[in-house]
């Protein structure tokens, strides 16, 4: 079973529910929406993962060995397993294009499909979109903190499995990162790759100078040397000596990397040593436990840093390792649906997000409304799939998503871009949506749910 | 490129280093060890992921389209790309069998292989072992908190990608969980599957009673009903009414699930309603934002709960979303190697962990020593691969790992099992290891690293 394609990458309950839906011909059109609830330390989210979600939906199909497992597991009727051989996703999808900045309660994706199809896709659809959106949102904060400094993703090794490592690189690139260390992400998504050496490389040699020189001659176009295995100052001086030896051959030391200690102090000391040795154009990259908060500190300190590498904190979104994502039934057979319990009520109906921007190009507010309401502004949810097939032009490539993210972040008022205590949630509900929610509450309270 | 098998799921620097190693015939035997550094809120770790790591090593090979990417990316010489066509892992691996409890600084896996092979595998080896060990360690804490209550993994949707969701189920099962909701994990690893219905199922029906009845008739052997969509007490009463209607047909309501609100109060109220209705053997399952801390609260409150479902907090190890894992060169060509900078020194040499247990069967201490030292106790690192092939009997199945974990957790003194402020790190270094570290420090300080 191919991990990336198998329909068995789902929760069992999706299938138990489907058997009942089919037994009672509950195949009318359902509207499900995927959204995030409010999350501390996240003033905004960045939409990511749509392309993988659509590709998964297009190829969704139970193969014989997957049906065999369904037969063997003991939970399902033969008639249901037989029926699943013909299961496909044939629905309509509207979504925020990747790179779009959005807010809590706003649908990232809206599915309109026969109930069993719309239900079944829940688990994996969320698995795909939640993670990439989580990471794009975290990475955007890092890029905001870094301002114009290049930020590089090094995080695959401690990402949660290989799919996470590969998708993290993609989500970070959408959010503005410059490159990734992960080869598979570069090969699949055409993201610039980067990488030099580990401490083990230096340790495997009998001297640091020998390690540097061998690396430089082996990779004359990509000479970035890791200088903190023993002593940063000594490492930097060895770089200067090496550069003199290499100069006659036209090989330049393009950069050094510092991965430990007080990065501000080490960067300053290294800059002085390199400059004194004439290496004024050799760049200083730093890494080691960095996230948006520490990047902001480095920038505020005015350290002479030319790039930062981030890893585990970003690829696991360590301060917020998951979002409060939800995939909810909001309409079935034309009627509004929603959970109403313990004082919380879902927002029912089929919705649209309309963004209003002030004359300076700054986001003033979003209005969450019903699709058939006329509200002034730019509608953000776009049709991306119909009849289970991607619409032409939807697979736009990462550069377009990356540009959209930069534009979308550029519209954010400073308060919403703040790393700590971001500004108020700029979303208001339309009159139509408020009225529909009241209808739902009334119906839940009274006669619409009789026992029978 | 198959995500689970491709050698391109690696960091670029592994390959840049390899080119240089091969150019200088640096192919002597290297010893690398993978270990975790101390981590707040984790008194112990549970080894997991070895089987996937060994399977990955056995099949490791660059295929033509992967070599094509290496040619195209511009970082490598033709000679090196050509050489990588024949690259295989041929080394020796010793490891902690899955389910073994271990501590910071203790090697989870030890690789002895030609330097380029041992170096190359770093990124993906850590990606596999770090995540499963992270989750098994988190899940063991949940199972300790839950005592004899069954704990179920529901977390796939917000796990970080599909591989994480699938592996989380596996790691949780090793740590003692009873079942998983993830079909693929059940199909691949033969873990018991479980699952009933979502709120959407109830919402898609015009009444809650109708939803319950349809589900029960559709799945008469698996009747577990979600009762908190509208009002828990009303939901529980409807379960009682339904049970009466179903009794003549021999269908029993096996359980109810509560997913929101004050779980202790809701469970108590539900138990009263079910008992008053004669459903004394209907089980109450709870879920919704649970982790080891909240499970401990539920148990301490004496709530009438028969099982707990956990999700995002466990599958992302939310309080500690990554461990400080390291994969370090500790010996090359027979000489000890290690980083020594900023007051921190690696533990060099090829090591063994020896566990000493007191007469009551309780762990008294571990001694971290060199493989050639004679130390009394049980050696924990076992040979698992030689010449790049798994040794017979190593692929033992999950039940053995699960039993080992239960036994290994049973040996832990109460202080080390504590959820908060776990007891002192019970690891001492052997004389031989301390002496070797001193040798390394002296060599680093003085003449062994001259410039030349």
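The values are calculated or read from the model by the stated rules, or taken from the named source; none is laboratory data. These numbers were taken from a predicted model, which means no experiment stands behind them. Note that each Cβ is placed from the backbone with ideal geometry, even for glycine, and that neighbours are counted across all protein chains shown.
Of note:
- Residue in segment B:325-332 that is outside any helix (DSSP H, G or I) and within 21 Å of residue B:165 (Cα to Cα) present: yes
- Single residue of A:70, A:17, A:26, A:1 found to be modelled with pLDDT of 95 or more and part of a loop (DSSP other than H, G, I, E, B): A:26
- Single residue of segment A:120-134 satisfying the filter (more than 7 Å from every other protein chain (Cβ to nearest Cβ) and under 8 Å from the mean Cα position of the chain (by Cα)) that is farthest from residue A:29 (Cα to Cα): A:134
- Sole residue being facing chain A (nearest Cβ under 10 Å) and crowded, with 22+ Cβ neighbours inside 10 Å, chosen from B:236, B:204: B:204
- Within segment B:281-301, being over 26 Å from the mean Cα position of the chain (by Cα) and either surrounded by 14 or more Cβ atoms within 10 Å (Cβ to Cβ) or assigned to a loop (DSSP other than H, G, I, E, B) (or both) holds for B:281, B:282, B:283, B:284, B:301.
- Residue, modelled with the lowest pLDDT, within segment A:334-354, restricted to residues that are surrounded by fewer than 18 Cβ atoms within 10 Å (Cβ to Cβ) and facing another protein chain (nearest Cβ under 9 Å): A:342
- Here residue B:324 fulfils each of the conditions (1) within 22 Å of the chain's Cα centre (by Cα); (2) more than 13 Å from chain A (Cβ to nearest Cβ); (3) within 23 Å of residue B:434 (Cβ to Cβ) apart from (2).
- Candidate set: segment B:442-452, residues that are surrounded by 14 or more Cβ atoms within 10 Å (Cβ to Cβ) and assigned to a helix (DSSP H, G or I); chosen: the one modelled with the lowest pLDDT: B:444
- Checking each residue in segment B:375-406 for being out of contact with any strand residue (DSSP E or B) (no Cβ under 9 Å at 6 or more places or on another chain) and farther than 30 Å from residue B:90 by Cβ picks out B:399, B:402, B:403, B:406.
- Condition met for residue B:130 (surrounded by 24 or more Cβ atoms within 10 Å (Cβ to Cβ) and farther than 30 Å from residue B:21 by Cα): no
- Any hit, segment A:87-106, residues being farther than 21 Å from residue A:366 by Cα, within 12 Å of another protein chain (Cβ to nearest Cβ) and in contact with a helix residue (DSSP H, G or I) (Cβ under 6 Å, 6 or more places away or on another chain): no
Yes or no, residue by residue, for (1) over 35 Å from the mean Cα position of the chain (by Cα); (2) touching a residue at least 24 places away in the same chain (Cβ under 8 Å); (3) assigned to a helix (DSSP H, G or I):
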| residue | (1), (2), (3) |
| --- | --- |
| B:201 | no, yes, yes |
| B:273 | yes, yes, yes |
| B:303 | no, yes, no |
| B:313 | no, yes, yes |
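- Filtering B:344, B:339, B:335 for residues that are in contact with a strand residue (DSSP E or B) (Cβ under 9 Å, 6 or more places away or on another chain), under 30 Å from residue A:207 (Cβ atoms) and without any contact (Cβ under 8 Å) to a residue 12 or more places away in the chain leaves a single hit, B:339.
- Residue match in segment A:4-25 (condition: buried (at least 23 other Cβ atoms within 10 Å of the Cβ), touching a strand residue (DSSP E or B) at 6+ places or on another chain (Cβ under 9 Å) and more than 10 Å from chain B (Cβ to nearest Cβ)): no
Listed here are the residues, each with its yes/no results for (1) at pLDDT 95 or above; (2) more than 26 Å from residue A:160 (Cβ to Cβ).
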residue	(1), (2)
B:260	no, yes
B:266	yes, yes
B:308	yes, no
B:319	yes, no
B:322	yes, no
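- Test for residue B:397: is it modelled with pLDDT under 95, exposed (fewer than 13 other Cβ atoms within 10 Å of the Cβ) and within 20 Å of the chain's Cα centre (by Cα): yes
- The lone criterion from (1) over 30 Å from residue B:334 (Cβ atoms); (2) in contact (Cβ under 8 Å) with a residue 24 or more places away in the chain; (3) more than 11 Å from chain B (Cβ to nearest Cβ); (4) in a helix (DSSP H, G or I) left unmet by residue A:278 is number (4).
- Test: residue in segment B:423-438 that is surrounded by 15 or more Cβ atoms within 10 Å (Cβ to Cβ), over 24 Å from residue B:31 (Cα atoms) and either in contact with a strand residue (DSSP E or B) (Cβ under 7 Å, 6 or more places away or on another chain) or within 14 Å of another protein chain (Cβ to nearest Cβ) (or both): yes
- Scanning segment B:380-402 for residues that are closer than 12 Å to residue B:111 by Cα and without any contact (Cβ under 8 Å) to a residue 40 or more places away in the chain turns up nothing.
- Which numbered condition residue A:223 fails, given (1) under 29 Å from the mean Cα position of the chain (by Cα); (2) over 30 Å from residue A:130 (Cα atoms): (1)
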